[in-house]
Amino acid sequence: MEIAVLKKIWLSPPHMGGNEEVYVKEAFDTNWIAPLGPNVQNFERAIEDYIKNDIHTACLSSGTAAIHLALELLGVSQGDEVICQSFTFAASANPITYLGASPVFVDSERETWNISPDLLEEAIKDRLAKGKKPKAIIAVHLYGMPYKVNEIRAISEKYDIPVIEDSAEALGSIYNGQKCGSFGELAILSFNGNKIITTSGGGALLTRDESLKERAIFLATQARDNAPHYQHSNIGYNYRMSNVLAGIGRGQMEVLPKRVLARRNNFSFYKENLAGISEIEFIDEPKGSYSNRWLTCILTPSFEFRERIRIALEEENIESRPLWKPMHLQPIFEGGTHYANGVSEDLFNRGLCLPSGSSMIQEDLERICDIIKNLHK
Ligand SMILES: *Cc1c(COP(=O)(O)O)cnc(C)c1O
């Protein structure tokens, strides 16, 4: 007997535009099978043209590498403290520990689900009172929703603590007319396989300060001094992007605006089709914010309700995922310093990310909505 296999729907699969192979072939034809090369330069230029605001870009091997270098560029070292949004993916925080520093986690506010300005200021005051000035603030545009940029910037300026803008999930998002990735002292992007565009794996460090970019490239290419032989007066890293993979990135940049629209259309479809279920809530964009809607998230009344949806989808070969588990609740950071208000824990318990790929067709979206509506009956 033949068993019909239901079409798998992934949470956020890669979606090629077509020209990626042209640029990858260019790398092969010219034998630029190396870190760096013309594809990397062109990819960096395409990012700069898109984000604007005089941003300089260094393409790297991952978003995690970009955060590591950003922290190092800000002088974070052994024994320092770095404030980090608790509600995020572990890659936002892990590099703090690579440098022997400690994360101080700060919880979220309800409107954008990102770092709470009030709690951030409370945390800074408390750290200062304890005689420890945090070296940096890592703020995240989670799921593509811009954090409260103006409020966070005001606090950053008041206390003179630089912001690292984790824009890994927010390429294409806009705050008050300005693209995400152009706000922090340093910002990072990710081109991991599940992000809005991908190079299979990769990331970028963005900054308006050209000297910081040059320093980042120096550190990312093994920190070689200017000498005919190999001489090193700094510890370096091998973090630059491959010229082959940058070819994928060039092709992906050409379709980025379409990818953003497709993800936003997914969100609208879910919101309209599930409008009859009063138990399901969506997060709206505050005035002035434009989210790339990297992942469509829903909030349910309870953990049990959330799990019923997740398991029903899984049984139909559809991937969904609970919202990020806050860092202050992760076993790896247990006992660490944190300033919590219960918001991210509540979101984690009741929230679910629905399939959000830009290549989804209406039939896929309808299938998902029907499963959720049938559960509700
Ligand atoms: C994906 C992601 C990263 C890390 O990017 P990689 O390229 O996977 O190393 C960092 N922060 C957030 C919020 C992410 O979603």
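Leaving ligands and nucleic acids out of the surface, order 294, 10 by accessible area at 1.4 Å, largest first.
Result of the area sort, largest leading: 10, 294.
Keeping every protein chain present and rolling a 1.4 Å probe, give me the accessible area per residue for the chain in Å².
With the other protein chains kept in place, the chain gives 43 Å² per residue.
Carbon and sulfur together cover what percent of the accessible area of segment 256-376 at a 1.4 Å probe radius?
C and S fraction of accessible area: 48 percent.
Could you state the per residue volume, in Å³, of the convex hull enclosing the Cα atoms of segment 257-377?
So the per-residue Cα hull volume is 143 Å³.
Quantify, in whole percent, the carbon and sulfur part of the accessible surface of segment 182-253 (1.4 Å probe; protein heavy atoms only).
Heavy-atom surface of segment 182-253 belonging to carbon and sulfur, 1.4 Å probe: 47 percent.
For 189, 375, give the ranking by accessible area with the largest first, probe 1.4 Å.
375, 189
Report the trypsin sites (Lys or Arg not before Pro) located in segment 114-163 that are in a DSSP loop and have at most 16 other Cβ atoms inside 10 Å of their Cβ, or state none.
130, 132
To the nearest 0.05, what FRET efficiency results for residue 77 and residue 376 with a Förster distance of 45 Å applied to their C-beta separation?
0.25
Tell me, in nm to one decimal, what length is gained between residue 50 and residue 224 on full extension, where the rule is 0.36 nm per residue of separation less the Cα-Cα distance?
Residue separation times 0.36 nm, minus the Cα-Cα distance, leaves 59.5 nm.
Determine the shape class of the chain: with a ≥ b ≥ c the square roots of the Cα gyration tensor eigenvalues, call it rounded for a/c under 1.5, and otherwise prolate if a/b is greater than b/c, oblate otherwise.
Cα axes put the chain in the oblate bin.
Based on C-alpha coordinates, I'd like the Rg and Dmax of segment 238-298, in Å.
Over segment 238-298's Cα set, Rg and Dmax evaluate to 16.5, 52 Å.
Give me the lysines in straight-line cross-link reach of residue 158: C-alpha distance below 21 Å, same-chain residues under 8 apart excluded.
Partners within reach: 125, 130, 132, 133, 135, 148.
Just subtract the alpha-carbon distance of residue 314 and residue 130 from 0.36 nm times their residue separation and send over the number in nm, one decimal.
Length difference between fully extended and current span is 61.5 nm.
Looking at segment 256-376, how many pairs of lysines come closer than 25 Å at the Cα, when each pair is eight or more places apart or spans two chains?
5
Could you point to the residue in 59, 27, 13 farthest towards the positive end of segment 1-80's charge dipole, with +1 and -1 charges on the Cβ of Lys/Arg and Asp/Glu respectively?
13
Using a Gaussian network model of the chain whose springs link C-alpha atoms within less than 10 Å, name the residue from 39, 226, 234 with the highest mean-square fluctuation.
226
The values are calculated or read from the model by the stated rules, or taken from the named source; none is laboratory data. Since this is a predicted model, take the numbers as computed values, not measurements. Backbone-built Cβ (ideal geometry, glycine too); neighbour counts: all protein chains shown. Ligands, DNA and RNA are excluded from the accessible area calculation, which covers all protein heavy atoms including side chains. Shrake-Rupley method; radii C 1.70, N 1.55, O 1.52, S 1.80 Å.
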